[in-house]
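One structure is given here, and the rest of the page talks about it.
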Amino acid sequence: MARYTLEELASKISGAKIENCADPKKIQVESVSPVNPGVTNSISFLANKKMLSDAKKTASSIVLTTAEFAKELEVPCLVVDKPDLILAQVLDLIYPPHKFENKIEPTAFVHPNAKVGKNCYVGNFASVAEGAEIGDNSILEDGVRIGRGAKVGEGSHVGPNNVIHHGVIIGKRFKSFGNCTVGGDGFRFVFANGKHNKIPQVGTVIVGDDVEMGSNSAIDRGGLENTIIGDGCKFDNLVHIGHNCVLGKNVVIAGYTGIAGSTTIGDNVTIGGGCGVADHISIPSGTIVGGGTSVRNTLAKPDIYVGWDYGLTFPEFQKLRVNIKNVVNFQKWARRIKALESKLGISAEE
């Protein structure tokens with residue numbers, strides 16, 4: 001961890017101002033902590049009015065917040081327009097990320113016909129196959145496998161034990177965590193003669209710029225066409241994208257979600273955790289799919305979709321829940337009515 005005075009911290013963040021502090025040189029910070037309860041010599045983060053009452057009682061030495069909230073506090077404040085965005089800068093300053101050397105480890109293998117750019121790190125037992133290209137300022141952590149003819153753009157950070165299969169093309173500033181696989185075969189078989197016969201997958205995967213993949217994510221290569229992941233997509237852990245899928249820009253997918261093959265997803269779509277998306281369908285740009293939802297048909301319009309169903313909007317799903325509750329309650333009412341009829345000697349026709 002690094003230690004800064006409030007004055008030093010403010011000088012490193014463009015546009016930052018100091019409030020509620022007579023001498024920012026005396027206020028020091030060496031960690032980042034939650035606003036409740038807070039920690040001495042730490043900076044806390046406040047961007048939500050719900051946490052304002054906690055911030056007023058915080059033990060932290062500094063609060064990163066907006067000018068509006070700073071007026072409500074007595075604790076020294078580092079004031080910025082977007083504290084949730086600036087928090088990333090503060091974290092990098094106080095907890096500097098590990099700097100990898102410009103080095104190829106002795107146990108790594110780089111094929112003579114492969115190209116590794118300037119200022120790159122290739123970790124222990126990593127391998128870069130024939131014809132592969134690694135852009136400048138990139139990191140391949142221990143155990144990474146880059147297949148023949150694959151390309152990884154500049155400024156990328158490939159996590160430990162990742163496998164980038166042959167022919168995959170990855171854009172700039174790619175980031176992945178442990179055990180991801182990009183470009184494995186798509187899941188296609190034809191059942192004949194009493195067995196499942198594998199169909200070769202001859203497409204590849206094309207990944208745009210600024211894409212991030214969580215641990216154990218898997219992106220299948222295309223069958224005849226390519227699987228495409230647009231710029232700015234962010235995947236949580238254990239996300240699977242099937243063969244021939246086409247994802248637009250800035251698609252966010254939470255953990256344990258699977259997208260079946262040949263599905264098209266528009267720009268700026270958000271898909272929650274534990275979702276199942278069927279094959280050969282489309283999800284329009286701007287759609288939000290709630291966690292645990294099954295999307296089995298093409299969605300007609302951008303909306304919020306929820307539920308393990310055939311694609312209901314949020315209002316439709318709420319109506320469904322009410323109707324289910326009414327059906328359950330009706331069974332209780334029916335039993336009570338029959339009991340009353342029996343007591344009154346009424347013989348109702350079925």
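Tell me yes or no: at least one residue of region 315-330 is modelled with pLDDT of 80 or more and surrounded by 14 or more Cβ atoms within 10 Å (Cβ to Cβ).
yes
Got a number for residues in region 255-272 being open to solvent by 30 Å² or more (accessible area, probe 1.4 Å) and either of a type in the set (Lys, Arg) or over 20 Å from Val205 (Cβ atoms) (or both)?
Number satisfying all stated conditions: 3.
Going by the conditions given, is Val152 touching a Ser or Thr at 6+ places or on another chain (Cβ under 7 Å) and aliphatic (A, V, I, L, M)? Show your work before the answer.
Working: touching a Ser or Thr at 6+ places or on another chain (Cβ under 7 Å): yes; aliphatic (A, V, I, L, M): yes.
Taking the combined requirement at face value, the residue satisfies it.
Inside region 59-105, can you point out the residues that are without any contact (Cβ under 8 Å) to a residue 12 or more places away in the chain and buried (at least 20 other Cβ atoms within 10 Å of the Cβ)?
none
Restricting attention to region 243-266, which residues are in contact with a Cys (Cβ under 9 Å, 6 or more places away or on another chain) and in a loop (DSSP other than H, G, I, E, B)?
Initially, region 243-266 is screened for residues in contact with a Cys (Cβ under 9 Å, 6 or more places away or on another chain), giving 247-254, 256-265.
The answer is Gly248, Lys249, Asn250, Val251, Ala254, Tyr256, Thr257, Ala260, Gly261, Ser262, Thr263.
Which of (1) surrounded by fewer than 16 Cβ atoms within 10 Å (Cβ to Cβ); (2) closer than 23 Å to Thr257 by Cα; (3) polar (S, T, N, Q) does Thr287 not meet, given it meets every other one?
It fails just one condition, (1).
Restricting the first residue to region 259-272 and requiring it to be under 16 Å from Thr293 (Cα atoms), which pairs with a second residue that is buried (at least 20 other Cβ atoms within 10 Å of the Cβ) and of a type in the set (D, E, K, R) meet a Cβ separation below 7 Å and a spacing of at least six or different chains?
From residues that are under 16 Å from Thr293 (Cα atoms), there are no pairs.
The values are calculated or read from the model by the stated rules, or taken from the named source; none is laboratory data. Predicted, not measured: the structure shown is a model, and the values here were computed from it. Methodologically, a virtual Cβ is constructed for each residue, glycine included, from the backbone with ideal geometry; neighbour enumeration extends over all protein chains shown. Surface accessibility is based on the protein's heavy atoms, side chains included, excluding ligands, DNA and RNA. Shrake-Rupley method; radii C 1.70, N 1.55, O 1.52, S 1.80 Å.
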